[in-house]
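We did not get these values from a lab; they are worked out from the coordinates using the rules stated. These numbers come from a predicted model, not from an experiment. With ideal geometry, Cβ positions are generated from the backbone for all residues, glycine too; neighbour counts draw on all protein chains shown.
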DNA sequence: GAGAGTCGGTTGGATATGGCAACCTAGTGG
DNA sequence: CCACTAGGTTGCCATATCCAACCGACTCTC
C-alpha cells in the first residue's frame, strides 16, 4: 500500500514547520477524548463543513481556486485554510501551473480520490432522505442511473448490518454494552 | 438554533404509505450558495464534528446520553444541541423510558440506520489512510474482516470512477469543465 | 435519614471559527 | 493608462464551540 501521509502526527509536524503563514488550522493534534476509531480519525481530516465539498469539486474536474470557491460556496479565506490542511493531510496537492504570475491548481492524491466512496454514500443518502429530486444524476457505464450496493469482498455477499461483528481492540472502549 | 423544519422527519412518517415515493422534502433553505447537490444537503444535516460519531455510537448500541457523551467525547452541551438537530432532521428519535425520574434514550430512525454505509466508507478510508492499525475490527458473517466493494445495482459491475457519467440538472451549475 | 451516586441535561464565560467585503500583488490585453 | 484575472490576505464582527460547574429529581446504601 502506498505511503500514508495523513497521520495526525505528520500533520502536526508539517504544521509546526510553519510552511504557510495561514490559519493556525484545526489540526487534530490529539483526540484525547472519545473512542479511538478510524471514523473519528477520518473526520478529523474531512469532517468539517467544506472539506468534502472541495473534494467533490476536485472529483468533478474543477481544480482552480476560484472554481472551487464558486462551486462549493465556501468563503475564500476558509477555502484557503481548508486547502492547506487537506494538503498537509496528504489529500490534495498544490501544483503550480504558471510561474509568472504564480498560479496554482489543486489535485487529489490517491488518498483523496479514495474518498469518492464516502461522497457517493453521502450522495445516496442525501438523495434518498433529504432532497426532493437529485440535482445531479450519476450514471454508470451501463447507462442506468447509478445505484450502489455494498458487498463484502471476501464472500461477495451484500453487507447487512445484522451480519457484522464488531470487536474493539482498545481497552476500556468496549462496544455494545447494552444491545437494546 | 434554528430548528430545521421537519424535513426528512415527514419522510420517515410517510414512508409506510408512500410506496416508492420520495421526499416531500425541500432542499435546505439555508445554503444559498454553492452547487445544489445531495452531498451538500446531506452535509447540512450530518456534516458537523459530532453527528456521525453520535450515529456511530447508536449503531454500536449505546443509546443513552451519558454513554454517547463518553464514547464520542462530545461536550455535553454540544451533544444536546446535536441530538436536537438530528431529531428535527428525522435521523434519531428521543424515547422516554422512565417517567420518574424522566429518562430518555436515543434511537436511530430508518434514515439514521441508512447512514451506516457512509460511516463504513469513512471507516475504510480512515483505516487505509490515517490510522496505524484499526482500533475496531469489523467482521462480516463470513468470518473475514470486512472489506467492502461498491457495485452498481443494475449491472453488478464494480463501480470505477472512470465509468461514471455526471449530469447536472441545475442550470448554471455545469460539471466538469476541464476533466484534467 | 444522611450522603453518595445516576441521569439528562443548563448555565456562564473564554476562545475559536466562520462569514463577508475590501484589499493586494503580479501579471495580461487593449 | 485602464480594466480585468487569479489567488489569495486582512479586518471586523457574529456565531459556534469548549469546558467546568451546577442543578433537579430521583435511587441506593449504610
Find every distance from the label point of residue B:166 to the corresponding label point in the other copies (7 Å from Cα along Cα→Cβ) and write them in nm, one decimal, shortest first.
3.3
If you put a point 7 Å past Cα along the Cβ direction, how far is that point for residue A:99 from the same point in each other copy, in nm, smallest first?
8.2
Identify the residues of the range B:30-61 with backbone N under 18 Å of a label point that sits 7 angstrom from the Cα of residue B:153 along the Cα-to-Cβ direction, or state none.
B:38-39
Once you place label points 7 Å from the Cα toward the Cβ at residue A:97 and residue B:114, how far apart are they in nm?
3.8
For residue A:149, inter-copy label-point distances (7 Å, Cα→Cβ), nm, shortest first, read 1.3
Ascending count of other beta-carbon atoms within 10 Å, so fewest first, for A:83, B:79:
B:79, A:83
Could you check the spin-label model distance between residue A:104 and residue B:84? Points 7 Å from the Cα along Cα→Cβ, value in nm.
4.0
Classify the range A:51-180 as rounded, prolate or oblate from the Cα gyration tensor: take a ≥ b ≥ c as the square roots of its eigenvalues, call it rounded if a/c is under 1.5, otherwise prolate when a/b beats b/c and oblate if not.
prolate
Quick check: the distance between the Cα centres of the range B:108-129 and the range A:76-142, to the nearest angstrom?
18
Tell me, A:119, B:45, B:93 in order of fewest to most beta-carbon neighbours within 10 Å?
B:93, A:119, B:45
Across the residues of A:150-160, average count of Cβ atoms on other protein chains within 10 Å?
6
Which FRET efficiency, nearest 0.05, do residue B:170 and residue A:144 yield, Cβ-Cβ r, R0 25 Å?
0.75
